[in-house]
1. Looking at segment 294-335 only, could you name the residues that are polar (S, T, N, Q) and part of a loop (DSSP other than H, G, I, E, B)?
2. Which residues, taken from segment 302-322, are free of Cβ contacts under 8 Å to residues at least 40 places away in the same chain and under 24 Å from Leu222 (Cβ atoms)?
3. When residues of segment 151-171 are filtered for being buried (at least 17 other Cβ atoms within 10 Å of the Cβ), closer than 22 Å to Ser428 by Cα and not polar (S, T, N, Q), how many remain?
4. Can we say Ala424 is aliphatic (A, V, I, L, M), open to solvent by less than 30 Å² (accessible area, probe 1.4 Å), touching a Pro at 6+ places or on another chain (Cβ under 6 Å) and within 21 Å of Leu176 (Cα to Cα)?
5. Grab the strands (runs of 3 or more DSSP E) fully contained in segment 165-272, keeping just those with 2 or more residues being among the polar types (S, T, N, Q).
6. Would a scan of segment 232-247 turn up a residue that is modelled with pLDDT of 95 or more, under 12 Å from Gly184 (Cα atoms) and surrounded by fewer than 24 Cβ atoms within 10 Å (Cβ to Cβ)?
7. Contact list please: Cβ distance under 8 Å, first residue in segment 141-159 and over 14 Å from Thr205 (Cα atoms), second residue of a type in the set (D, E, K, R) and surrounded by 21 or more Cβ atoms within 10 Å (Cβ to Cβ), pairs at least six apart or on different chains.
8. Among the listed residues Ala396, Ala402, which satisfies the condition of being modelled with pLDDT of 95 or more and crowded, with 18+ Cβ neighbours inside 10 Å?
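The values are calculated or read from the model by the stated rules, or taken from the named source; none is laboratory data. From a predicted model like this one, the values you see are computed outputs, not experimental measurements. Note that we place each Cβ from the backbone using ideal geometry, even for glycine, and neighbour counts take in every protein chain shown. Just the protein is used for accessible areas: all its heavy atoms, side chains included, with ligands, DNA and RNA removed. Shrake-Rupley method; radii C 1.70, N 1.55, O 1.52, S 1.80 Å.
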Amino acid sequence: MITVAELCVAVSNGTFSTAIGHVSRRLGFSPSRAARSFLAIGLVGASCLLASMFPSAALAQSDTPQEDLYVTNSQVLSIVESGGTLYVGGRFTYVGPRTGFGVPIDATTGKAPATIANVNGRVRAAVSDGAGGWFIGGDFTSVGGVTCNRIAHIDATNSVTAWNPNANNTVHTLALSGGSLYVGGDFTNIGGSGRNRIAAVDATTGAASAWNPNANNDVRTLAVDGTTIYAGGDFTNIGGSGRNRIAAIDATTGNATGWNPNATGVVRSLVVNGTTIYVGGSFTNIGGSARNRIAAIDAASGNATAWNPDANNTVRAIAFGGGTVYAGGDFTMIGGQSRGRIAALNTTTGSATSWDPDAQGGATSVNVVSSPFINALAVDGSTIYAGGSFSTIGGASRNRVAAIDATTGLATTWDPNAGNEVLALAPSGGTVFVG
């Protein structure tokens, strides 16, 4: 048994990590970093409150936190109870209800629904199912209290369904085409079959199809264009052929086509627009030409076009809309202009337009202050959704997720205030799924 006095001494001394580590060892489990703030309030706060009432009381051994307690988005350093109120201090910028790692957000109000299928780990990819629900992928192992390893389906009522391909490692990317959901990641088994890092699973049954390109390293991005599946990542062999980090796969045979841009670094984002494939990542040469981290590749030849925005750091996300290419990442220079991690690029010249939301102020998380970056972009009409690690964008305070006006570059009033880094965005109808 753990006495509440032991716990409260650790907290009063400001040694949060020691306190949580002490609790973890004594209870026999190890909480994740994301769970620490929850444990701080759920265990430490409750214990200190009990200590003031029952000094000789002991905390029963349990690894189930109280689900309705509020949480913080970063480190809690001290908790004091006075007059029926619990005062909490630390490095956090948010205290509120626990939503989990993937939430459908109202595109007008910026609010989460009353009922959520709580996801217990990172959501790295999300795609609309076309019926008001979502397919999601990431590092999680449970959705809505149901075991769902790294891939799941949430229906229009925000409930997890029985669909369960059960990936044995991280899912990085999803692309839906007809009745097939194409999946990329680090896994070696999914949908009941051995599949190395890329697979097609039935959108109804969750079973893997016979399609099996068999990538030898991570697949980080997928895009579908008719009977061709474009893949990008860390791999050097896929579809039975040597292909450095980018390839086109036949949707029927699973074999790589002759298209071979041969990227020198990781490919993180692919967007198809007609006969052009826009590519972002950390490469410095692709399609037979020097191209720094962003390029346009001809869909027929695999050669780089003359389009050359020349980013000075990694491009993590690309989106296309309204005749404009939007890019997000770690860069501070792109298209010949100074741009803070997000930019709009002319499709003819590759030059940055005047649109300049300028993402700044990296997020603070458990003693670490990150540099600002954009992880995810999505275009929905005249709105550009951006997610990542930032605290200001479009001239307004916005924590890690924002909606930007496609004309002015200013943030709209939409403000979901994400408690940690945003990895995935998927708008559909009047909702935006945020992971």
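1. Ser301, Asn303, Thr305, Asn308, Asn312, Asn313, Thr314, Thr332
2. Thr305, Ala311, Asn313
3. 7
4. Taking the combined requirement at face value, the residue does not satisfy it.
5. Qualifying strands (runs of 3 or more DSSP E): 171-177.
6. yes
7. Pairs found: Thr141/Arg150; Arg150/Asp139.
8. Of Ala396, Ala402, the one residue that is modelled with pLDDT of 95 or more and crowded, with 18+ Cβ neighbours inside 10 Å is Ala402.
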